[in-house]
Amino acid sequence: MEFSIREAQPGDMQQVLALINELAVFEKEPDAVEVTENDLIEDGFGEKKQFHCFVGEAEGKVVGMALVYQRYSTWKGRVIHLEDLIVTERMRGSGLGKALLTEVVKYGHAQGVRRICWEVLDWNEPAIAFYEKNHAKVMRDWDVVQMDENGIKEFLANV
């Protein structure tokens, strides 16, 4: 199936949210998504833009996406974080993932970043193989650390 890659538009966010929900199911966290279509529109296209998004489109539908945002590394300086690269199940193996990753890398290069970083679940061997094949280093000796909203509240209640 043929596809094209383009920059996301506000009208794409309903379909982007559907991809995010599909990923949550794949990652065994079906109830974890709290972001709304309105959040995505405001945060991606509002006055204080929080992210940049590329979409893959086939037959008039969004079938893949890559969402990135700026970060700063004390070791490297300007970097971007790839929050998610999602390809709907029926499009896996079509080259869409590589095309989206290519857009992210070209975008990062144009921004002058020194690193593009992201996470991958340790059991997602197809994704790990894909990233390693495309010159990414999977750093298996690092653990992801997060503090969710409840953790933030509990921390602040105890300081």
When the residues of the range 33-62 are filtered to those that are free of Cβ contacts under 8 Å to residues at least 40 places away in the same chain and of a type in the set (Val, Ile, Thr), which remaining residue is surrounded by the fewest Cβ atoms within 10 Å (Cβ to Cβ)?
-> 36
Which residues, taken from the range 99-134, are surrounded by fewer than 14 Cβ atoms within 10 Å (Cβ to Cβ), charged (D, E, K, R) and in a helix (DSSP H, G or I)?
-> 106, 125, 132, 133
The lone condition residue 141 fails out of (1) under 17 Å from the mean Cα position of the chain (by Cα); (2) modelled with pLDDT under 95 is (1)
Within the range 1-21, which residues are surrounded by fewer than 16 Cβ atoms within 10 Å (Cβ to Cβ) and of a type in the set (D, E, K, R)?
-> 2, 6, 7
Pair list, Cβ < 6 Å and 6+ apart or interchain, from the range 65-88 residues that are under 17 Å from residue 107 (Cβ atoms) to residues that are of a type in the set (Gly, Ala, Ser) and outside any strand (DSSP E or B) | 80/108
Filtered residues of the range 100-144 (kept if over 17 Å from residue 27 (Cα atoms) and of a type in the set (Val, Ile, Thr)) | 102, 104, 105, 113, 116, 138
Residue in the range 77-98 that is farthest from residue 3 (Cα to Cα), counting only those that are among the small types (Gly, Ala, Ser) and crowded, with 16+ Cβ neighbours inside 10 Å = 97
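The values are calculated or read from the model by the stated rules, or taken from the named source; none is laboratory data. On a predicted model such as this, the values are computed, not experimentally measured, just so you know. Reconstructed Cβ throughout: ideal geometry from the backbone, glycine too, with neighbour counts over all protein chains shown.
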